Amino acid sequence: MANSVIIAAGAITGPLITLNFSGRTRLPFLLGLLAIGLAAILVANFLILRLAFKPMRELESTMSAVQPGLEEPRVHANFSDPDLRRIATVFNSMLDRLEHERHVSAQRVLQAQEGERQRVARELHDQTGQALTHEIISLDLLLERTADAKARQQLEAVKRTLEETLEEVHRMSQDLRPSVLDDLGLVPALRTLAKQPSGSEVSLHVDGLRDRLPAPIETALYRIAQEALTNANKYARAAHVNIDLRTLDGQIRLRVRDDGVGFDPKSIPEREEPGRAGLGIFGMRERATLLRGTLEINSAPRKGTEVVAQLPLEDRHAG
């Protein structure tokens, strides 16, 4: 339509120039009219096509923003063009399927990892722990039968080494997969975690939680608390750590706050980088995201750190 209007204007203006101007002055006016018409056609087509392809540029920018490990954006499907609406709908459906498959695959990986941790922890506790206990008992019997002072001293040194090794095996077993988490649930497991020897004084407060939670939620919250407590002891050098667990409007919230040195959360990139641990934040955030939850890190230099994980709950699990 724009081209037709411009051509029609040229068709009307051209004969008027031909009738009103003489032969020598007619040609420059006709060439100027031709140049103006071509420029008008180019400008009109540029503006109209730019406006027409604007939804395609929006769709392209959304496609470029899709990155693994981040929440995928969605394209609005209220375009006037039916073809663009179909493309946007198909693209959003593809993102939904990819996100679902990613969640399912990541959950299977975490479940397999927890299963392997449980198997190794059981073997450490049942086999290695029992073998060390048997050797310690054998050394006790041998000490009772040995009268030589030097030999007794050497046997007692070996016994102390075995006892320290047994304690380390038990600690490793608890770190891998605490049996209390499977047998009694999240709250007793957090109590056991808070009582473990560390460089910080740990307090635990639980509100509104009476029943057991689904196993994936209990595992995720325990691992988040465990990682946050490890960071508080290892990196923040905190003196006090407070763990707060409570249910809020059909959701469960875990908050771990310490009084350590703190850090700048902006220094942690949005995506995990090879060779950069990121204080375990990526693992905690991935566990929360897989259960449709959120994880926030509030911190500042010399002002401590607060880790807040919030996961949705079914009504029957809320207090």
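The values are calculated or read from the model by the stated rules, or taken from the named source; none is laboratory data. Everything numeric here is computed off the predicted structure, so don't read it as measured data. As a convention, Cβ positions derive from the backbone with ideal geometry for all residues, glycine included, and neighbour counts pool all protein chains shown. The accessibility values were calculated without ligands, DNA or RNA, using every heavy atom of the protein model including side chains. Shrake-Rupley method; radii C 1.70, N 1.55, O 1.52, S 1.80 Å.
I'm checking my understanding of the structure. Among residues of segment 246-267 that are part of a strand (DSSP E or B) and of a type in the set (S, T, N, Q), which one is surrounded by the fewest Cβ atoms within 10 Å (Cβ to Cβ)?
In this case the residue turns out to be Q251.
Count of segment 128-146 residues, restricted to those that are within 11 Å of L162 (Cβ to Cβ) and among the hydroxyl-bearing types (S, T, Y), is 2. Being open to solvent by 60 Å² or more (accessible area, probe 1.4 Å) and within 30 Å of V104 (Cα to Cα) is the filter here; which residues of segment 183-226 pass it? Of everything in segment 183-226, those that are open to solvent by 60 Å² or more (accessible area, probe 1.4 Å) and within 30 Å of V104 (Cα to Cα) turn out to be D183, L184, R210, D211, R212, A215, P216. For segment 184-212, the set of residues classified as of a type in the set (D, E, K, R) and either under 16 Å from N233 (Cα atoms) or modelled with pLDDT of 85 or more (or both) consists of R191, K195, E201, D207, R212, listed by residue number.
Close contacts from segment 145-165, counting a first residue that is over 19 Å from L132 (Cα atoms) and a second that is open to solvent by 40 Å² or more (accessible area, probe 1.4 Å) and modelled with pLDDT of 90 or more, with Cβ to Cβ under 7 Å and a gap of 6+ residues or different chains, come to none at all. Residue check: is D140 open to solvent by 80 Å² or more (accessible area, probe 1.4 Å), more than 18 Å from the chain's Cα centre (by Cα) and among the acidic types (D, E)? No; evaluated as a whole, the condition is false for this residue.
State which residue is nearest to the chain's Cα centre (by Cα) when the search covers only segment 213-238 and only residues that are over 15 Å from T192 (Cα atoms) and free of Cβ contacts under 8 Å to residues at least 40 places away in the same chain. Selected residue: A215. Of all residues in segment 143-182, those being open to solvent by 80 Å² or more (accessible area, probe 1.4 Å) and in contact with an Asp or Glu (Cβ under 7 Å, 6 or more places away or on another chain) number 0.
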